[in-house]
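Asker: Below is the structure I would like to discuss, written out as structure tokens.
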Amino acid sequence: MYEGVVQDLIDELGRLPGVGPKSAQRIAFHILQADPADVRRLAHVLAEVKAKVRFCKVCGNVAQDELCRVCRDPRRDPAVICVVEEPKDVVAIERTREFRGKYHVLGGAISPIDGVGPDDLRIAELLRRLADGTVTELILATDPNLEGEATATYLARTVKPMGLRVTRLASGLPVGGDLEYADEVTLGRAFEGRRLLDV
């Protein structure tokens, strides 16, 4: 335990995802030893990101305006929507340069253990987007783990009456992995080989 504000900094850093007690302590001491201008710049960027960044009102991706870059792009195919769990998954897919449609960010995955059900995700917003008949294919790009599979199955069953082509990313992604950690080649091949999801 450290005194006062140093311990407060370590505690706050330790609340960040993926940052354990030792990492929080290392980061805190790095900040203490850093040039004051660097620390001010970091504090400014943190405050600015909270003030300026929001989520796209259409797809749920990270945006600085009402619409994200993808939703504003008229060259994107409005007939194909790729459903992902988090905004970081949009970035992973965009790196492949294989997908030219639009996205829908759910904001997580169905996980009864964590108390996350379909009503906690942006599924109602997705169904509203599908209602006008513009979309012909729905690509389910949820993570290839138990929660992602459960979410994909739930979505496929929910949209089945709409007569859409529902596909799932193909093999090549490790089971139990996260999209954000997949390399571009593996993710690109998974997109090329996506399969029809029969429910």
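Asker: Kindly provide the set of residues from region 83-103 that are of a type in the set (Val, Ile, Thr) and either outside the structural domain of LEU140 (by TED's automatic domain parsing) or surrounded by 19 or more Cβ atoms within 10 Å (Cβ to Cβ) (or both), ordered by number.
Answerer: Hits for region 83-103 are VAL83, VAL84, VAL90, ILE93.
Asker: Let me ask something else about it. Please find, within region 67-82, the residue that is surrounded by the most Cβ atoms within 10 Å (Cβ to Cβ) out of those that are in contact with a helix residue (DSSP H, G or I) (Cβ under 9 Å, 6 or more places away or on another chain) and aliphatic (A, V, I, L, M).
Answerer: By that ranking, first place goes to ILE81.
The values are calculated or read from the model by the stated rules, or taken from the named source; none is laboratory data. This structure is a prediction, so every number in the text was calculated from the model and none was measured. Here Cβ is always computed from backbone atoms with ideal geometry, including for glycine, and neighbour counts include all displayed protein chains.
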